[in-house]
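Asks: One structure, pasted below without further comment.
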Amino acid sequence: MEAEVGAFYDELETRSADQRAADLATALPAQIANAVKHAGGYCASLNDVNPADVVDMAALAKLPMLRKSELGAAQKKVTPLGGYAARQVAEFDHVFQSPGPIYEPGMRGRDWWRMGRGLFAAGIGKGDVVQNCFSYHLTPAGMMFENGCAAVGATVLPAGTGQTELQVQAALACGVTAYTGTPDYLKIILDKADEMGVDLSRLTKACVGGGALFPSLRQEYADRGISCLQGYGTADLGSIAYESPAMEGMIVDEGVIVEIVTPGTGNPVAEGEVGEVVVTTLNPDYPLIRFATGDMSAVLTGQSPCGRTNMRIKGWMGRADQTAKIKGMFVRPEQVAELVVRHDEISKVRVVVSRDGEADHMEVLCEAENGADIGKIEATVKDVLKLRGAVLLHNIGSLPNDGKVIDDQRTYD
């Protein structure tokens, strides 16, 4: 589809590759310096880093990752924000709690979580009345989307979740034209409206997140005259990526830098390969640097037909934590990655776990060049994984591109 005049949230969405690189070379060092100066949690991990040297993706990839488990541990020891915010807790407008518990800050400033960009792409703006069915209780999703709606000039009905009959009545009374919430809850509201004989046909737009939007469900909404697009974000980072009307992957938000890395490592994968989503936010108030989301995705080549030029990802493709307990020993993705590091002839490894009778059985599938020595690889497997496993050699590029490094095929029925 061709881009239309006024089809973009701002000029950042259509920057050239050269302009993006130039802007990154300015914004990234500034954010690293900000984190080192104002967020004490980075004192140890970034102490030896010269921010002026971190001007591109290659330099960024050399920095340590920050995992959610580390953030949670720091929050228990230091402050509710763990020393990773550039403000004190009392300087924020909000502080939220997510399962863990993990605490996240928030501000009322214009589009602080950057949700407006995805809402704009979904066609939501001035004149719309948005039924916001994300939770307003402790977790930030409700406020994140309310903040984004304010940025695009939309009116918000802060509905939250539950009380479906009241949701229907409120949607009718307020003339709701758009919905934000999880993908499936909209169907619950619409089905209840049908049951009550209430016409909600003014509702023609939806921007959803927090769960999978299955093609059949999207089509059901389309059949009702509702255009439904999805976004991808987290409580810690805000918006990470969003769909445009082209519906060809998710476009990375302009306020974050996204890397796709091999699970268990900080090493970027080749374009198109599935890996873990690692995000650096340019938010000066909460400068998360190389924050490992634990989510899996892959980069899509090219740019969106809608005219937005930023990198695209496929969206959420599962979780990266593939740790498995085999014969009483934990095997982690970073251990599997170590096998590749120790053997130049190996390009990819996949550990497959199954059952042989009542015993665990482990195979180590390796994409390797001709002449690879199975005996040497088996010795490394025993040394690194602390287990014996049959090594099977495969041609380069023949293993599945699904991001799995540990494929646990055991059933527990």
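Asks: Go through segment 234-250 and count every residue that is among the polar types (S, T, N, Q) and at positive phi.
Replies: 0
Asks: I'd like the full set of residues that are closer than 15 Å to Arg290 by Cβ and of a type in the set (A, V, I, L, M, F, W, C), limited to segment 28-50.
Replies: Leu28, Ile32, Ala35, Val36, Ala39, Ala44, Leu46, Val49, listed by residue number.
Asks: Being in contact with a Leu (Cβ under 8 Å, 6 or more places away or on another chain) and acidic (Asp, Glu) is the filter; apply it to segment 353-402 and report the residue that is surrounded by the most Cβ atoms within 10 Å (Cβ to Cβ).
Replies: Among those that are in contact with a Leu (Cβ under 8 Å, 6 or more places away or on another chain) and acidic (Asp, Glu), it is Glu367.
Asks: Moving on. Could you look through segment 235-261, keep only residues that are surrounded by fewer than 24 Cβ atoms within 10 Å (Cβ to Cβ) and touching a helix residue (DSSP H, G or I) at 6+ places or on another chain (Cβ under 9 Å), and pick out the one that is farthest from Asp321 (Cα to Cα)?
Replies: Among those residues, the one meeting the criterion is Pro245.
Asks: For segment 95-102, does any single residue satisfy the condition of being among the small types (Gly, Ala, Ser) and modelled with pLDDT of 95 or more?
Replies: No, segment 95-102 contains no residue that is among the small types (Gly, Ala, Ser) and modelled with pLDDT of 95 or more.
Asks: Among (1) in contact with a Gly (Cβ under 7 Å, 6 or more places away or on another chain); (2) surrounded by fewer than 21 Cβ atoms within 10 Å (Cβ to Cβ); (3) closer than 24 Å to Tyr9 by Cβ; (4) of a type outside the set (S, T, N, Q), there is one condition Val156 misses while meeting the rest; what is its number?
Replies: Val156 satisfies every listed condition except (1).
Asks: While we're here: Could you list, in sequence order, the residues of segment 249-264 that are assigned to a strand (DSSP E or B) and under 20 Å from Glu70 (Cα atoms)?
Replies: Val258, Glu259, Ile260, Val261
Asks: OK, next. Suppose we keep only residues that are surrounded by 18 or more Cβ atoms within 10 Å (Cβ to Cβ) and of a type outside the set (A, V, I, L, M) within segment 286-302. Which one would you say is farthest from Leu399 (Cα to Cα)?
Replies: Result: Tyr286.
Asks: What single numbered condition from (1) in a helix (DSSP H, G or I); (2) closer than 30 Å to Val252 by Cβ fails to hold for Gly315?
Replies: Gly315 satisfies all of (1) in a helix (DSSP H, G or I); (2) closer than 30 Å to Val252 by Cβ except (1).
Asks: Within segment 33-67, restricting attention to residues that are within 24 Å of the chain's Cα centre (by Cα) and basic (Lys, Arg), which residue is modelled with the lowest pLDDT?
Replies: The selected residue is Arg67.
Yes/no per residue for (1) in a helix (DSSP H, G or I); (2) within 30 Å of Leu81 (Cα to Cα); (3) among the small types (Gly, Ala, Ser); (4) not assigned by TED's automatic domain parsing to the domain that holds Leu300:
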site: Leu138; (1), (2), (3), (4): no, yes, no, no
site: Asn147; (1), (2), (3), (4): yes, yes, no, no
site: Leu186; (1), (2), (3), (4): yes, no, no, no
site: Leu217; (1), (2), (3), (4): yes, no, no, no
site: Asp236; (1), (2), (3), (4): no, yes, no, no
site: Ser244; (1), (2), (3), (4): no, no, yes, no
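Asks: May I pose another question? Taking Leu213 and the conditions (1) buried (at least 18 other Cβ atoms within 10 Å of the Cβ); (2) modelled with pLDDT of 95 or more; (3) among the hydrophobic types (A, V, I, L, M, F, W, C); (4) over 29 Å from Glu70 (Cα atoms), which numbered condition does it fall short on, given that it satisfies the others?
Replies: Leu213 satisfies all of (1) buried (at least 18 other Cβ atoms within 10 Å of the Cβ); (2) modelled with pLDDT of 95 or more; (3) among the hydrophobic types (A, V, I, L, M, F, W, C); (4) over 29 Å from Glu70 (Cα atoms) except (2).
Asks: Say we look at segment 318-341 and pick out the residues that are small (Gly, Ala, Ser) and in a loop (DSSP other than H, G, I, E, B); which of these is farthest from the chain's Cα centre (by Cα)?
Replies: The extreme case among them is Gly328.
Asks: Quick check on this structure: which one of Ala90, Ala85, Ala30 is closer than 28 Å to Gly109 by Cα, part of a loop (DSSP other than H, G, I, E, B), at pLDDT 95 or above and in the same structural domain as Val256 (by TED's automatic domain parsing)?
Replies: The unique qualifying residue is Ala85.
Asks: Which condition does Pro140 not pass, out of (1) buried (at least 24 other Cβ atoms within 10 Å of the Cβ); (2) more than 20 Å from the chain's Cα centre (by Cα), if it passes all the others?
Replies: (2)
Asks: Among the residues of segment 368-410 satisfying the criterion of being of a type in the set (Asp, Glu) and within 33 Å of the chain's Cα centre (by Cα), which is farthest from Val277 (Cα to Cα)?
Replies: Ranking the qualifying residues of segment 368-410, first place goes to Asp408.
Asks: Just one of (1) touching a Ser or Thr at 6+ places or on another chain (Cβ under 8 Å); (2) free of Cβ contacts under 8 Å to residues at least 60 places away in the same chain trips up Asp48, so point out which.
Replies: (1)
Asks: Test Gly231 against the criterion of being outside any helix (DSSP H, G or I), modelled with pLDDT of 95 or more and on the phi < 0 side of the Ramachandran plot, and give yes or no.
Replies: yes
Asks: Can you spot a residue in segment 316-333 that is charged (D, E, K, R) and either touching a Lys or Arg at 6+ places or on another chain (Cβ under 7 Å) or within 30 Å of Ala33 (Cα to Cα) (or both)?
Replies: No, the conditions are met nowhere in segment 316-333.
The values are calculated or read from the model by the stated rules, or taken from the named source; none is laboratory data. If you're wondering where the values come from, they're calculated on a predicted model, not measured in any experiment. With ideal geometry, Cβ positions are generated from the backbone for all residues, glycine too; neighbour counts draw on all protein chains shown.
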